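The next block holds one structure in the form of structure tokens; read it before the comments.
The values are calculated or read from the model by the stated rules, or taken from the named source; none is laboratory data. Model, not experiment: these values are computed from the prediction. Virtual Cβ from ideal backbone geometry, glycine too; neighbours counted across all protein chains shown.
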Amino acid sequence: MSTDRLTDVSEAGKKVISSISDIKLYIDGAFVDAESKEQFDNISPYTNEKINSVASGDKADVDKAVKAARKAFKGEWGSLKLKDRLAYIYKIADLIDEHIEEIAPLESYDTGLPISQTRKMVARAANNFRFYAEMVSARLVGEVYQVDDEFLNYTVQSPVGIAGLITPWNAPFMLETWKIAPALATGNTVVLKPAEWSPLTANRLAEIIDKAGLPDGVFNVVHGYGETAGASLVANPDVELISFTGETTTGSEIMKNGADSLKRFSMELGGKSPIIVFEDADLDRALDAATWGIFSFNGERCTANSRLYLHESIADSFIEKLKDRVENIVVGDPMKNETQVGPLIHRNHFENVKSYLEIAREEGCEVVSGHIPEELSRGNYVAPTMLLNADNKMRVVQEEIFGPVIAVMTFKDEEEVIEKANDVRYGLAGYVWTNDIKRGHRVAQAVESGMLWVNAQNVRDLRTPFGGSKHSGIGREGGHYAFEFYTETKIIHVAIGDHHIPQFGKK
Ligand code: NAD
């Protein structure tokens, strides 16, 4: 690997990248080979060359990890005092913060996400741990129901058991910690199955958690393919809950496979989110937000605003300005500070995104793309692209492309745009731009999605619920909403007086 690529990376980052070695599974506090000794290749999105080999876990490894997680849950971890448990969570947060300049380069190297963006994602990951440690101390509280002078009823919350966490490759480190932090902070133990296309930072996380000194078996990582490692985790009867983030079709497959063991599921799935710009909006800010919202994370973003609806009176000038942005977005090496769009994660995904550009042409769109510098030809680059003359009936408007591609449409009035915005199977996010306060609220409430931003890009406060409606998900994570999923609520009814008890059979 040429070190020219790493001029914007710290010494620590250079060191960690130049010493990447093969990756093992992390089970019961030890880094181990897969039982089968099988490995798979991890490929660079920038060169399509092999980065390293990764242990390929399957059922035997998952079963071993689940056994270790069960032992830890029943043992040391389950009996820790709250403050001792949370001390581990704070420690993990501190260790991530200390290593941002190693983890972010690894993430960019593995996924193609630009380094300026992965630095922020890794900082967010540390916050996920710190936030959930605080949240559990402050908000994991029961309720008391006084029933006249007869009963005192109160709720207690306990961890569920073993959390199976299955995560995607699009923001891997951040999304893994988004699940691990609440799962551990509420007292569960964890088996993580990270995405097979982005294993490097999941392994780094295992090293960090190992360094934080958590008892053996509390946190386990089984790398491997979805159909083997992932499916075995879902099928394992000792795993009580599965939190999954990924494609809608995979989510539905997982729910079928987990039905026999009556799993509890949290599903964070695909999206095709609308951004609606009315004529009275602050158009400069709307342009910034629309551009960032689709082209950040290389367009591989679940909440991306992939459908742009412009009021017809401002459409022409907005499209001209968006074209200008698309043509000037810096497409480059993800390891460089100035890069705004990097290569897509994998050749297969690249082919899939490219096929949608063909479909767009066949469906009658004008396809307007930015530029990819010549020297990037080995990577999985798709230039930032606008699909003009798009229409709700088209596949490119209905299906999730998950790349740097935005479909552009126009509308005449509020009623029409709400109908169009809702005319997809997804309901993850939505964005509305208008300076009419009443209309902003009205449209926000009418668009079918789990999350809606008015005059804002996708900025999230960690206390707020995160999740989708329709085919974009089931349940909410984030804030105290995650407690409903990661804890069991028990109600205890205590008689404090002599309430009536029927006296069957008494003479
Ligand atoms: P994917 O569904 O292909 O894979 C996600 C994970 O599931 C991977 O770890 C994979 O190995 C595993 N998996 C695959 N088949 C499985 C099976 N049969 N049983 C168990 N596990 C299995 O998704 P992806 O391509 O990695 O990620 C992109 C998708 O994720 C997009 O659709 C995107 O919208 C979605 N996503 C959603 C959110 C959200 O919060 N709603 C966030 C990020 C990404």
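Would you mind stating whether Thr410 is surrounded by fewer than 23 Cβ atoms within 10 Å (Cβ to Cβ), modelled with pLDDT of 95 or more and either within 23 Å of the chain's Cα centre (by Cα) or hydroxyl-bearing (Ser, Thr, Tyr) (or both)? When the stated conditions are applied, Thr410 passes them. Among the criteria (1) in the same structural domain as Arg285 (by TED's automatic domain parsing); (2) assigned to a helix (DSSP H, G or I); (3) within 30 Å of Leu165 (Cβ to Cβ); (4) of a type in the set (A, V, I, L, M, F, W, C), the one Phe485 does not fulfil is (1). Going by what's in this entry, would Val156 be described as in contact (Cβ under 8 Å) with a residue 24 or more places away in the chain, buried (at least 24 other Cβ atoms within 10 Å of the Cβ) and either assigned by TED's automatic domain parsing to the domain that holds Gly479 or not in a strand (DSSP E or B) (or both)? Considered against the rule, which asks whether it is in contact (Cβ under 8 Å) with a residue 24 or more places away in the chain, buried (at least 24 other Cβ atoms within 10 Å of the Cβ) and either assigned by TED's automatic domain parsing to the domain that holds Gly479 or not in a strand (DSSP E or B) (or both), Val156 comes out as no.
The residue list Phe466, Phe504 contains one member that is of a type outside the set (Gly, Ala, Ser), farther than 19 Å from Phe411 by Cβ and within 16 Å of the ligand (Cβ to nearest atom), which is Phe466. Being closer than 30 Å to Asp436 by Cβ, in a loop (DSSP other than H, G, I, E, B) and in contact (Cβ under 8 Å) with a residue 24 or more places away in the chain is a condition met by no residue of the range 245-263. Of the listed requirements (1) away from the ligand (no atom under 15 Å from the Cβ); (2) surrounded by fewer than 21 Cβ atoms within 10 Å (Cβ to Cβ); (3) in a helix (DSSP H, G or I); (4) of a type outside the set (Phe, Trp, Tyr), Asp216 misses just one: (3). Pairing each residue of the range 460-476 that is under 18 Å from Glu134 (Cα atoms) with any residue that is away from the ligand (no atom under 11 Å from the Cβ) and polar (S, T, N, Q), provided the two are 6+ apart or on different chains, yields C-beta distances under 9 Å for Leu462/Asn127; Leu462/Asn128.
On inspection, Leu175 does not qualify as under 18 Å from Ile27 (Cβ atoms), touching a strand residue (DSSP E or B) at 6+ places or on another chain (Cβ under 7 Å) and part of a helix (DSSP H, G or I).
Checking Leu200, Leu192, Leu205 one by one, the residue that is in contact with a strand residue (DSSP E or B) (Cβ under 8 Å, 6 or more places away or on another chain), under 17 Å from Tyr90 (Cβ atoms) and within 15 Å of the ligand (Cβ to nearest atom) is Leu205 and no other. Evaluating Arg460 against the criteria (1) part of a strand (DSSP E or B); (2) touching a Gly at 6+ places or on another chain (Cβ under 8 Å) leaves one unmet condition, (1). I'd like the full set of residues that are farther than 13 Å from Ser44 by Cα and within 24 Å of the chain's Cα centre (by Cα), limited to the range 369-385. Result: Val382, Ala383, Pro384, Thr385.
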